[in-house]
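The values are calculated or read from the model by the stated rules, or taken from the named source; none is laboratory data. The structure presented is a predicted model; accordingly, all values stated were derived computationally and were not measured. Every residue, glycine among them, receives a Cβ derived from its backbone with ideal geometry; neighbour counts consider all protein chains shown. When the accessible area is computed, the model is the full protein with side chains, heavy atoms only, and any ligands, DNA or RNA have been set aside. Shrake-Rupley method; radii C 1.70, N 1.55, O 1.52, S 1.80 Å.
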Amino acid sequence: MENQVLTPHVYWAQRHRELYLRVELSDVQNPAISITENVLHFKAQGHGAKGDNVYEFHLEFLDLVKPEPVYKLTQRQVNITVQKKVSQWWERLTKQEKRPLFLAPDFDRWLDESDAEMELRAKEEERLNKLRLESQGSPETLTSLKKGYLFMYNLVQFLGFSWIFVNMTVRFFILGKESFYDTFHTMADMMYFCQMLSVVETINAAIGVTKSPVMPCLIQLLGRNFILFIIFGTMEEMQNKAVVFFVFYTWSTVEIFRYPFYMLSCIDMDWKVLTWLRYTVWIPLYPLGCLAEAVSVIQSIPVFNETGRFSFTLPYPVKIKVRFSFFLQIYLIILFLGLYVNFRHLYKQRRRRYGQKKKKIH
């Protein structure tokens, strides 16, 4: 008895330049796959839904394709790739409007048009970057230099903030609350160094050395340095207040997880515990740090009013004295707006890392 000719299940997906067909046949023998007059012809002996049989189908494509299909046999299926003659998005696969019963979307490879365009742009950008790097020098050498530079920067910052964190912790356990009041005099030099060095982080983002957005980096840099150099650095009356301890401690606690995470990223390592901490500890610490900074600004207002530092009088005929405390009150509003910007940025980062993948709609 001759084998009955049957139609296999066929799944398809597309990109702007290619068509992908997956034929559900296992143990395929003697496949005959060709394209003539824009029609794909498939015939093969294999094991499908109806057992071992000869399976056959024909598909007339919606638009012109190149007549050289490429196929690959696996134990469970036949994968066929067909090149479109013109790079464009098709509204359907076949010339006939009604989809054949044996044909269905391949949801494992399916993308909608906008997603496919993003993928195409990403590939084109990668190609252009590769060409640019090749014209500038060896990509491997440039990448190694960049990773080495970023590794050393993050290492230095990690060591600096770790020194602050460990020293403050040890002093607190030995001296208790007394350690609050001389935090500035014992930790300021190292904090000055780390915060001045953090300018490099914003520059890296601005010139494209890192993929970090510039605005959150700039907001954190200016906010911290304003508190450190203006509020604490210029006013001796503020340097012996307990709030300095809480500001320095929240800053250093965040950074002792952030910088080693970036260090390991430079050498393509992912320590899951550290990664989780990097994307989680900021949730309580950023608001607490912002609160401590706000308290320091509020406590400094009467001090600036009393000393008159940075206050000035407008020239004749206005002759109005403008107190620096006026700008501090404006800064308090900016401080919480900056918290919102950074919090939103960090939340998006965490959601991309740990959030559920968006389901595609077909």
Checklist outcome for this item: Ordered by number, the trypsin sites (Lys or Arg not before Pro) in the range 204-241 that occupy a DSSP loop and have at most 10 other Cβ atoms within 10 Å are LYS211
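At 1.4 Å probe size, put TRP89, TRP276 in order of accessible surface, largest to smallest.
Values: TRP89 60, TRP276 125 Å².
Ranked list, largest accessible area first: TRP276, TRP89.
Shape of the range 8-83 from its Cα gyration tensor (a ≥ b ≥ c, root eigenvalues): rounded if a/c is under 1.5, otherwise prolate when a/b > b/c, or oblate?
Details: a/c = 2.09, a/b = 1.72, b/c = 1.21.
Prolate shape, in that a/c is at least 1.5 and a/b is the bigger ratio.
What's the magnitude of the charge dipole for the chain around its Cα centre, counting Lys and Arg as +1 and Asp and Glu as -1 at the beta-carbon? Answer in Debye, nearest 20. Can you show the working numbers first?
Details: 44 positive and 35 negative charges, 136 e Å.
Once rounded to the nearest 20, the dipole reads 660 debye.
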Item to check | Rg/Rg_globular for the range 143-277, with Rg_globular taken as 2.2 N^0.38 Å and Rg from C-alpha atoms | outcome: 1.12
Checklist outcome for this item: So, relative contact order of the range 68-202 in percent, Cα under 8 Å, 6 or more apart, is 12 percent
Checklist entry - Accessible area of TYR286, 1.4 Å probe, to the nearest 10 Å²? => result 40 Å²
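Within a Cβ distance under 15 Å of LEU228, other residues only, what is the Lys/Arg minus Asp/Glu net charge?
Local net charge: -2.
Which whole-number percentage describes the relative contact order of the chain, with Cα contacts under 8 Å and a sequence gap of 6 or more?
Working: 450 pairs, mean separation 44.8, N = 362.
Relative contact order of the chain: 12 percent.
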Item to check | Extended-chain gain in nm, criterion 0.36 nm per residue less alpha-carbon gap, VAL303 and THR143 | outcome: 52.6 nm
Checklist entry - Using modelled amide H (1.01 Å from N, peptide plane; none on Pro or chain starts), what sits under 5 Å from the amide H of ASP106, excluding residues fewer than 5 places away? => result TRP12, ALA13
Next on the checklist: List the residues, sorted by chain then number, that are 5 or more residues from VAL65 or on another chain and whose placed amide H is less than 5 Å from its amide H.
Outcome noted: LYS85
Checklist entry - How long is the chain along each principal axis, judged by its Cα atoms, biggest number first, in Å? => result 105, 57, 41
Item to check | Candidates per GluC sites (Glu not before Pro) in the range 91-192, loop by DSSP, up to 10 other Cβ within 10 Å | outcome: GLU91, GLU97
Item to check | Solvent-accessible surface (1.4 angstrom probe) belonging to ASP268, in square angstrom, nearest 10 | outcome: 120 Å²
Item to check | Where the range 42-115 is the region considered: accessible area per residue in Å², 1.4 Å probe | outcome: 64 Å²
Checklist entry - Where the Cα atoms of the range 223-271 are projected onto their three principal axes, how long is each span, largest first, in whole Å? => result 46, 17, 12
Checklist entry - Tell me, what is the 1.4 Å probe accessible area of LEU339, in Å² to the nearest 10? => result 40 Å²
Checklist entry - If you stretched the chain out fully between VAL200 and ALA104, how much longer would it get, using 0.36 nm times the residue separation minus the C-alpha to C-alpha distance? => result 29.3 nm
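Tell me which trypsin sites (Lys or Arg not before Pro) from the range 12-121 have a DSSP coil assignment and no more than 11 other beta carbons within 10 Å of their own.
LYS98
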Next on the checklist: Can you compute the radius of gyration and Dmax for the range 1-136, using only the Cα atoms, both in Å?
Outcome noted: 17.2, 68
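Grab the Cα-Cα distance for ASP270 and PHE326, subtract it from 0.36 nm times how many residues apart they are, and report the gain in nm with one decimal. Provide the component values of the computation, followed by the final result.
Details: separation 56, 0.36 × 56 = 20.16 nm, distance 4.67 nm.
Contour length minus the Cα-Cα distance gives 15.5 nm.
If R0 is 25 Å, what FRET efficiency do you get for THR74 and HIS41 from their C-beta distance, rounded to 0.05? Mind showing how you got there, number by number?
Working: r = 21 Å, r/R0 = 0.83.
The calculated FRET efficiency here is 0.75.
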Next on the checklist: Please compute the per residue accessible area over the range 155-314 with all protein chains in place, 1.4 Å probe, rounded to a whole number of Å².
Outcome noted: 48 Å²
Item to check | Sequence-separation-based contact order of the range 60-115, relative, with Cα cut under 8 Å and 6+ spacing, percent | outcome: 35 percent
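Computing the accessible area with a 1.4 Å probe over protein heavy atoms, can you report the carbon and sulfur percentage for the chain?
C and S fraction of accessible area: 60 percent.
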